[in-house]
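Reading through the structure tokens given below for one structure.
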Amino acid sequence: MVGRNLPPLNGLRAFEAAARLGSFVAAAEELGVTAGAVSQRVRILEERIGAALFERRPQALAPTKAARELLPVLTEAFDAIDAAVRRVRAPAAAAMPLRVACPAGFAAGWLLPRLERFQQHEPGIALILTATERLIEPGRSEETDACIRFGRAGWSGHLACDFLFADRRIPVCSPNYRTTHAVDAVAVDPLAEHVLLEALSAPEDWPDWLLATSATAEGARRLSFGDERLALEAALRGLGIALADRALAAEPLAAGRLVTPLEPREMLRGTAWFLLYPADAAARAAPVAALRDWLLGECDRAEA
């Protein structure tokens, strides 16, 4: 059998891409090389076959008769090779599902800004995230593998529990509100005559904060919302001062969309965020262990 006398594959690929796309620049983007490299490979191919493939014009490439004959054959051949490789390539392992439940405020304020890092860190895990305020028991059904809860721990004995971070309540408002309403952190009564944004889901927050910081709020007006997310959104829109968990408000604080007008006053009352999952080692699947390690690492990074 007579062996094949084929030109270099790189040259054939460069020519096919350039002729199909109409330019060396577009071919370079597709092949992941420079336009100069494409031009050089095509020139070597032309020398090898002894025929010009393009008329090089200032604004375009004009394929010659030889190029028009060669292009469809190469395109069909490369398409056939691509299809064959796809058929024989080993299928990727199916991602392992991980069902996690957490309160909506935690999901929006802390988890979602970090979720891309989790996906990069654990590409083999398909996270199914449910935002709920219900107290779900992981492992008791097919519904949830792990959950994140807020409180003081002490939950069911069949659940393992890892501390994530403490709840640190701080007043927050928009920069414009602080400027236009003259919030004075050193005043005897810094909240007097201000608008306090409260969440009806946590009506004790402002009274607890005032007591813990020995502050008063004479003449302050209350604007109430169904939950803490709405109260925080109202603060972002300059409607008043809200109480926020420092960790959950970290993103708008870092971006300067929120400020802490009464820094360093804050309230710690023993509540915190925890990761819960089945304590039974047999029920502690690899995805849950991976989530635990990643969450604890993220918490360490936030504290650093």
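The values are calculated or read from the model by the stated rules, or taken from the named source; none is laboratory data. Here the structure is a predicted model, which is why all the values come from computation and not from measurement. Cβ coordinates were reconstructed from backbone atoms using ideal geometry, including for glycine residues, and neighbour counts include every protein chain displayed. Keep in mind that these areas ignore ligands, DNA and RNA; they rest on the heavy atoms of the full protein, side chains included. Shrake-Rupley method; radii C 1.70, N 1.55, O 1.52, S 1.80 Å.
Spatially, the range 3-21 and the range 118-192 are offset by 57 Å when compared through their Cα centroids. Positive end of the dipole of the chain (Cβ unit charges, origin at the Cα centre): among ALA104, VAL88, ALA279, the Cα lying farthest that way belongs to VAL88.
Surface exposure of the range 111-189, expressed per residue as accessible area with a 1.4 Å probe, stands at 57 Å².
Net length available on complete extension from ALA60 to ASP162 is 30.4 nm, with 0.36 nm assigned per residue and the Cα-Cα distance removed. At the residue level, TYR277 shows approximately 10 square angstrom of accessible surface with a 1.4 angstrom probe and all protein chains present.
Here r is the Cβ-Cβ distance between THR132 and ARG257 and R0 is 41 Å; the resulting FRET efficiency, rounded to 0.05, is 0.95.
Taking the chain as a Gaussian network of alpha-carbon nodes connected by springs under 10 Å, the highest mean-square fluctuation of the residues ALA95, ALA279, ALA52 belongs to ALA52.
Working from the Cα coordinates of the range 64-150, the gyration tensor eigenvalues give, after taking √(5λ), semi-axes of 49, 17, 9 Å in decreasing order. Rounded to the nearest 20 debye, the dipole size of the chain about its Cα centre is 1380 debye, using +1 on the Cβ of Lys and Arg and -1 on the Cβ of Asp and Glu. With R₀ set to 22 Å, the beta-carbon distance separating ALA35 from VAL85 gives a calculated FRET efficiency near 0.25.
What is the distance in Å between the Cα centroid of the range 214-268 and that of the range 27-102? What the calculation gives is 56 Å, centre to centre. Here the range 115-264 was treated as a single set of alpha-carbon atoms; its pair distances binned every 5 Å from 0 give 2, 8, 15, 18, 17, 13, 10, 8, 6, 3, 1, 0 percent. The trypsin sites (Lys or Arg not before Pro) of the range 176-250 that meet both conditions, a loop assignment by DSSP and at most 14 other Cβ atoms within 10 Å of the site Cβ, are ARG237. Which entry is the computed volume of the Cα convex hull per residue in Å³ for this structure: (i) 130; (ii) 147; (iii) 228? Comparing each candidate, only (iii) matches the computed number. Of the complete DSSP H runs in the chain, those spanning 20 angstrom or more by Cα along the long axis with a mean Kyte-Doolittle score not below -1.0 are 35-49, 65-88, 286-303. Between PRO123, PRO63, PRO261, the residue with the greatest mean-square fluctuation in the GNM of the chain (Cα pairs under 10 Å linked by springs) is PRO63. Surface composition of the chain: carbon plus sulfur atoms hold 55% of the accessible area, using a 1.4 angstrom probe and ignoring ligands, DNA and RNA.
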